[in-house]
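Each remark here refers to the structure printed beneath this line.
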Amino acid sequence: MLYLPCPKCNGELQIRVAKRGPKAGFEFYGCDNFPLCKFTAEKTNVVDLVKKEIFKKQIPTQDSKYWTREHLSKFSKKEIRFLASINDVSFNKQDDTNNIVDELLSLNDFELFEINFSKWCFLYEIRSDFFSGFSITHQSTSKIFSDKTKRYKVLDNKFEIGGEFKITKTKITLSFLDDYKVKNGSGNSVMLILDQDKSTAMAQIINPQVLNEENFKDFLLSI
Ligand SMILES: [Zn+2]
């Protein structure tokens, strides 16, 4: 369920049906503090309207540089809850704002597996059909990190360059080219095999429903 905070008070917007007037019978959003609060919004543009009304600061997206604890901590409880809601992160009314921020930040975590001494596998779940130009970071003490910054070109299933994979002392960044688009149905995962002996990394767009713990090893051997 979408959490829509009322921009005018501490209430929450809920679907109502117009009882009279030219729009009688039509659904719209009204505040649950009615009649104290008379805020209403059309059903079709309610998300954009709430975004505009309650976010005075830049709205961070998962692929923006603002998707950090530092930036997210500047938002109010109401804003964080709304942000969680539009990013499909579920929460309970009594949940602490810090915990919701943790959940939001975990959307950008990716899994790292060591296949052998020079081969690594990264799994990243994408929650939309399209992705382009996003980057993700991972903090770890794993031995994949070295003092020197290393860059790898990312090749997709069609052997086209999709982006770059960068490893620094503390950070792994996977960035896709701005104009790079993949459409593979919803709920994609990116699986990336990095061979440190080579200068490229191989990215596969996979369906997480197809890949599971049991067939994962076989899948790795097949590529
Ligand atoms: Zn209200």
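The values are calculated or read from the model by the stated rules, or taken from the named source; none is laboratory data. Keep in mind it's a predicted model, so treat the numbers as computed, not measured. So basically every Cβ, Gly included, is an ideal-geometry build from the backbone, and we count neighbours across all protein chains shown.
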Exercise for review: Sort out which residues of the range 32-87 are over 24 Å from residue 108 (Cα atoms) and touching a Leu at 6+ places or on another chain (Cβ under 9 Å), and write them in order of number.
Suggested key: 32, 39, 40, 41, 42, 46, 50
Exercise for review: Please verify whether the range 72-89 includes one or more residues that are away from the ligand (no atom under 14 Å from the Cβ), among the polar types (S, T, N, Q), surrounded by 14 or more Cβ atoms within 10 Å (Cβ to Cβ) and at pLDDT below 90.
Suggested key: yes
Check your understanding: In the range 17-37, what residues are loosely packed, with under 12 Cβ neighbours inside 10 Å and either in a helix (DSSP H, G or I) or of a type in the set (Lys, Arg) (or both)?
Key -> 19, 20
Practice item. Examine the range 4-16 for a residue that is in contact (Cβ under 8 Å) with a residue 24 or more places away in the chain, away from the ligand (no atom under 16 Å from the Cβ), in a loop (DSSP other than H, G, I, E, B) and touching a strand residue (DSSP E or B) at 6+ places or on another chain (Cβ under 6 Å), and state whether such a residue exists. Key: no
Point to revise | Qualifying residue in the range 62-69 (condition: among the basic types (Lys, Arg), in contact (Cβ under 8 Å) with a residue 24 or more places away in the chain and touching a strand residue (DSSP E or B) at 6+ places or on another chain (Cβ under 7 Å)) | key: no
Review point. So which residues in the range 46-87 are within 18 Å of residue 4 (Cα to Cα) and among the aromatic types (Phe, Trp, Tyr), if there are any at all?
Key: 55, 75, 82
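Having 3 or more residues that are within 25 Å of residue 62 (Cα to Cα), of a type in the set (D, E, K, R) and modelled with pLDDT of 75 or more is the bar; report the strands (runs of 3 or more DSSP E) wholly within the range 145-223 that clear it.
The strands (runs of 3 or more DSSP E) meeting that bar are 150-155.
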Exercise for review: Go through the residues of the range 38-46 one by one and say whether even a single one is more than 16 Å from the ligand (Cβ to nearest atom), exposed (fewer than 15 other Cβ atoms within 10 Å of the Cβ) and of a type in the set (Lys, Arg).
Suggested key: yes
Point to revise | Every residue from the range 42-76 that is touching a Pro at 6+ places or on another chain (Cβ under 9 Å) and outside any loop (DSSP other than H, G, I, E, B) | key: 49, 50, 52, 53, 54, 71, 72
Point to revise | Test for residue 69: is it outside the structural domain of residue 11 (by TED's automatic domain parsing) and within 16 Å of the ligand (Cβ to nearest atom) | key: no
Practice item. Would you check if there is a residue in the range 83-94 being under 30 Å from residue 121 (Cβ atoms), within 15 Å of the chain's Cα centre (by Cα) and part of a helix (DSSP H, G or I)? Key: yes
